[in-house]
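Beneath this line is the structure, given in structure tokens, with notes to follow.
The values are calculated or read from the model by the stated rules, or taken from the named source; none is laboratory data. The model shown is predicted, which means the values in this text are computed figures rather than measured ones. Positions of Cβ are generated from backbone atoms using ideal geometry, with glycine treated the same way; all protein chains shown enter the neighbour counts. The accessibility values were calculated without ligands, DNA or RNA, using every heavy atom of the protein model including side chains. Shrake-Rupley method; radii C 1.70, N 1.55, O 1.52, S 1.80 Å.
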Amino acid sequence: INSSHNTYLTGDQLRSTSSVECYMSALRRGCKCLELDCWDGEKNFKGVPVVFHGHTLTSKIAFEEIILGVKGYVQSNPDTYPIILSLENHCSHPCQHGMATMLKQILGKILWSPNQAEIENGILPSPASLRGKVIVKGKHPSDTKEEEEKDLPTSDEPEDDPYKDSSSSPQNKKAAGKKPKIVKELADLTLFHGTKYKSFETSIDEPPSHMHSITEPKIDKILNKGGGENAGLWRSYNVNHMTRTYPSVFRVDSSNYNPVLAWSMGSQLVALNFQTSDTPLLLNDGLFKQNGGCGYVKKPPCILGEAGMKTSTRLRMRILCGSCLPKPHGATEGEYIDPYVLVSVHDVKNDNGKESFVTSKVLETESIDDNGFCPMWNQSEFKTATIHNPDVAMIEFSLKESDPLIDDKVANASIPFSCLRRGYRSIQLYDTHNTRSGPFGFATLVVEIDYDSN
């Protein structure tokens, strides 16, 4: 499921502005899981729930404005697959009652209210049955611990939280004390209940509506435990449960972690910072171009436990030419570009039972001077690369301009290896916003692809 982290932020995690437009931009980019960090409002927002990154200098926006924006999107896209509101709830009881009232009054029939008895018995609806609906991910009333551990370091993650204010403000005193329980009115609207991860052996027996949120550093720690057995247990857990992963608290610049390893574990909600168009987000764009760009993609059979893992294979590729390649940032004026192409593989390797993320370069062309209209590379030899996990590997095509100082990124395309076809192929290139508008409307590469049968 196409998922975002701290969706409200326009920039870094400490000082940037919060905006409702970020939610609309993420939805237009294909995101189907939006995060809302909810707190009691102060000053101009006194008495109403607000959304911002707690214990930082980020600005605040009203919870109500976000819900109105989501309603407008669903009304304009009535066939959309369900929108998940991931609530990180720090609010007092009065504000929680206000949140529940706003959800019901603003969304109306768009809000899907689960039958809690059926959910606890393991009866979950399918995504197709929830088209045009908004569903809530939150907390059980009985679970008073924080959904995500980024504000509560543990022995597994001893790093100090850079967002935590060490001053003795009333807000910090409240955070240091007992966490407020979730009111029943809000919990009754919640489909997915976040629970604390201890081990997959115990978690796998929980109801399917119970799920974990796991921070980026813990992904490797989990996989390194048990001699590699945790990878299989995690995949088994994710067959009937949900897992959300999210960036480390130390990514203050709102950069992203590579999502391929979490995808390979079957994690459904691999949340990324949508305000940063770096390589991980571009890989995310490429994965979710499948299935008509609806934001939901079925996991490969090997990750669902329906088939064994495929063996490694060899990819062979050569770049022939490009067409209508734009200038950096889509500029309409300036000198002709000197384009070249870099192709990389983002993959997961199993080394003696231990699974880890690997990136390797397939090829890099030479630069063509002053020709963005129809540069001809005509590589005579195929370049080869090993694909360790054909079901999860992603191929990244990056178009760059050669520059005496720093080479500029021009356009890109990311394609799952499982979607590649043999022969002469046209690769459509996209801008950093995942669109092909304006100068990017006809930007393409012509390549020849071959690989071993598997």
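Among the residues in the stretch 16-33, are any out of contact with any strand residue (DSSP E or B) (no Cβ under 8 Å at 6 or more places or on another chain), of a type outside the set (Ser, Thr, Tyr) and more than 18 Å from Asn434 (Cβ to Cβ)? No, because not a single residue in the stretch 16-33 is out of contact with any strand residue (DSSP E or B) (no Cβ under 8 Å at 6 or more places or on another chain), of a type outside the set (Ser, Thr, Tyr) and more than 18 Å from Asn434 (Cβ to Cβ). Total residues in the stretch 9-23 satisfying the condition of being out of contact with any helix residue (DSSP H, G or I) (no Cβ under 7 Å at 6 or more places or on another chain), surrounded by fewer than 16 Cβ atoms within 10 Å (Cβ to Cβ) and hydroxyl-bearing (Ser, Thr, Tyr): the figure is 1.
The lone criterion from (1) over 13 Å from Leu325 (Cα atoms); (2) at pLDDT 95 or above; (3) of a type in the set (S, T, N, Q) left unmet by Ser360 is number (2). The set of residues in the stretch 311-337 that are among the small types (Gly, Ala, Ser) and at pLDDT 95 or above comprises Gly322, Ser323. Tell me yes or no: at least one residue of the stretch 185-203 is open to solvent by less than 30 Å² (accessible area, probe 1.4 Å), of a type in the set (Val, Ile, Thr) and either assigned to a helix (DSSP H, G or I) or farther than 28 Å from Pro82 by Cα (or both). Among the residues of the stretch 185-203, not one is open to solvent by less than 30 Å² (accessible area, probe 1.4 Å), of a type in the set (Val, Ile, Thr) and either assigned to a helix (DSSP H, G or I) or farther than 28 Å from Pro82 by Cα (or both), which makes the answer no.
Which ones in the stretch 22-57 are under 18 Å from Leu272 (Cα atoms) and assigned to a loop (DSSP other than H, G, I, E, B)? Residues satisfying the conditions are Arg29, Gly30, Cys31, Lys32, Phe52, His53.
For the stretch 276-315, how many residues meet the condition of being among the small types (Gly, Ala, Ser), touching a Pro at 6+ places or on another chain (Cβ under 8 Å) and closer than 28 Å to Lys400 by Cα? Walk me through how you get there before you give the answer.
Within the stretch 276-315, the subset among the small types (Gly, Ala, Ser) is 277, 286, 292-293, 295, 305, 307-308, 312.
Add one more test, that the residue is touching a Pro at 6+ places or on another chain (Cβ under 8 Å), and what stays is 286, 307, 312.
Narrowing the set further to residues that are closer than 28 Å to Lys400 by Cα leaves 286.
Residues meeting the conditions: 1.
Step by step: first the residues of the stretch 420-444, then only those that are under 24 Å from Arg318 (Cα atoms) and touching a Lys or Arg at 6+ places or on another chain (Cβ under 9 Å), then the one that is most open to solvent (accessible area, probe 1.4 Å). Which residue is that?
Taking the stretch 420-444 first, the residues under 24 Å from Arg318 (Cα atoms) are 420-431, 436, 440-444.
Now drop any that are not touching a Lys or Arg at 6+ places or on another chain (Cβ under 9 Å), which leaves 428-430, 442-443.
Values: Gln428: 92, Leu429: 0, Tyr430: 43, Phe442: 153, Ala443: 0 Å².
Once the filter is applied, the top-ranked residue is Phe442.
Taking the criterion of being open to solvent by 30 Å² or more (accessible area, probe 1.4 Å) and under 22 Å from Asn6 (Cα atoms), the only residue of the stretch 90-113 that qualifies is Met102.
Consider Ser86 carefully, then state whether it is without any contact (Cβ under 8 Å) to a residue 12 or more places away in the chain and either of a type in the set (Phe, Trp, Tyr) or within 21 Å of Ser3 (Cα to Cα) (or both).
Numbers: without any contact (Cβ under 8 Å) to a residue 12 or more places away in the chain: no; either of a type in the set (Phe, Trp, Tyr) or within 21 Å of Ser3 (Cα to Cα) (or both): yes.
No, not satisfied.
Annotation note: Cβ proximity below 7 Å between a residue of the stretch 296-321 that is within 22 Å of Thr243 (Cβ to Cβ) and a residue that is surrounded by fewer than 19 Cβ atoms within 10 Å (Cβ to Cβ) and of a type in the set (Lys, Arg) (sequence gap 6+ or interchain) occurs for Cys302/Lys310. Just one of (1) in contact with a Leu (Cβ under 9 Å, 6 or more places away or on another chain); (2) more than 13 Å from Phe63 (Cβ to Cβ) fails for Ala100. It is (2).
Trp234 satisfies every condition listed in (1) closer than 20 Å to Asn434 by Cβ; (2) open to solvent by less than 10 Å² (accessible area, probe 1.4 Å) except (1). Evaluating Lys71 against the criteria (1) within 24 Å of Val249 (Cα to Cα); (2) in a helix (DSSP H, G or I) leaves one unmet condition, (1). Among the residues of the stretch 336-384, those that are touching a residue at least 60 places away in the same chain (Cβ under 8 Å) and either under 22 Å from the mean Cα position of the chain (by Cα) or surrounded by 21 or more Cβ atoms within 10 Å (Cβ to Cβ) (or both) comprise Ile337, Pro339, Tyr340, Val341, Val345, His346, Asp347, Val348, Glu355, Ser356, Phe357, Thr359. If Lys400 meets every condition in (1) of a type in the set (D, E, K, R); (2) under 27 Å from Lys299 (Cβ atoms); (3) touching a residue at least 60 places away in the same chain (Cβ under 8 Å) apart from one, which number is that one? Status for Lys400: all satisfied but (2). Note on the stretch 217-310: enclosed helices (runs of 4 or more DSSP H) holding 2 or more residues that are more than 24 Å from Lys137 (Cβ to Cβ) and at pLDDT below 95 are 229-240.
If a residue must be open to solvent by 60 Å² or more (accessible area, probe 1.4 Å) and either of a type in the set (D, E, K, R) or on the phi > 0 side of the Ramachandran plot (or both), how many such residues does the stretch 114-128 contain? Residues meeting the conditions: 2.
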